[in-house]
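Novice: Can you read through this structure? Questions will come right after.
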Amino acid sequence: MSITRDIASHDNAVAYGGLIDAIGGVATIVLVICGLVGIAPPMMVAIATIVFGVALLIQGGAMLSEYTQVVFPGGVRTSSIEQMGGNSLALVFLVGAGGIVLGVLSLLGISATVLSPVAVIGFGTALLLSSNAVWRLYVLRRASAQMETTVGQSQHVGAEMLASEMASGSAGIQALAGLAAIVLGILALAGSPADLTLNLVALLALGSTIVLTGSTLSATVLSFMRT
């Protein structure tokens, strides 16, 4: 009973982590739009970088925690996280922390025209390399669920199908958004230092993607929760 309660509490925490990611993505989008309409673009870029870095940090931590908590019948946990994308998730965690630092430095006016594009390139690389992480998590949870015999399991089939569609769809979108952010970041570094439009557009794409990824993570976890 205690183990079941602990697993349920952990699943709730991860689901809330996905929700926080989505909220961070929405906040990033709002800040970017303010910058695009001319409301203090340098400040909006710096703050959006910090907010997105926090969202990425939470996402990396939540997903790493979820990978380590997947248990197969007999109490056997997944022994090799690296085989299921753990390395890329560790990169997401580190890039999120690094993005926060770069955003703070940009906000203080320290080489903002260089640090902001560098942060965008880092964010794009992290999303590109971890694009299949949610899909791998769904596959792992599905394999664990199929090895169990649970009464009333058919009640969760619809939720699991929806989570599967969201996970597979978000992987491609995240990869494309990450690649686009890398390209825009490089162009921003090579372009006019005073033009922040490319940075803002890249952050807009990244924010929209993290909303989708956070929602997908929450849906994946909730679809396997047992009442």
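The values are calculated or read from the model by the stated rules, or taken from the named source; none is laboratory data. Remember, it's a predicted structure, so these values are computed and weren't measured experimentally. No Cβ is skipped: glycine too gets one built from the backbone with ideal geometry, and neighbour counts run over all protein chains shown. What goes into the accessible areas is simple: the full protein's heavy atoms, side chains included, and nothing from ligands, DNA or RNA. Shrake-Rupley method; radii C 1.70, N 1.55, O 1.52, S 1.80 Å.
Novice: Identify, from the list Ile23, Ile58, the residue that is under 20 Å from Gly207 (Cβ atoms), touching an Asp or Glu at 6+ places or on another chain (Cβ under 7 Å), open to solvent by 40 Å² or more (accessible area, probe 1.4 Å) and modelled with pLDDT of 80 or more.
Specialist: Ile58
Novice: Pick out the one residue from Ser106, Ser111, Ser79 that is open to solvent by 60 Å² or more (accessible area, probe 1.4 Å), modelled with pLDDT of 65 or more, more than 12 Å from the chain's Cα centre (by Cα) and not β-branched (Val, Ile, Thr).
Specialist: Criteria check complete, one pass: Ser111.
Novice: If Ser144 passes every condition in (1) modelled with pLDDT of 80 or more; (2) hydroxyl-bearing (Ser, Thr, Tyr); (3) in contact with a strand residue (DSSP E or B) (Cβ under 8 Å, 6 or more places away or on another chain) but one, which one does it miss?
Specialist: (1)
Novice: So, one more: Could you go through segment 171-178 and let me know if any residue there is modelled with pLDDT of 90 or more and not aliphatic (A, V, I, L, M).
Specialist: The answer is yes; a qualifying residue exists.
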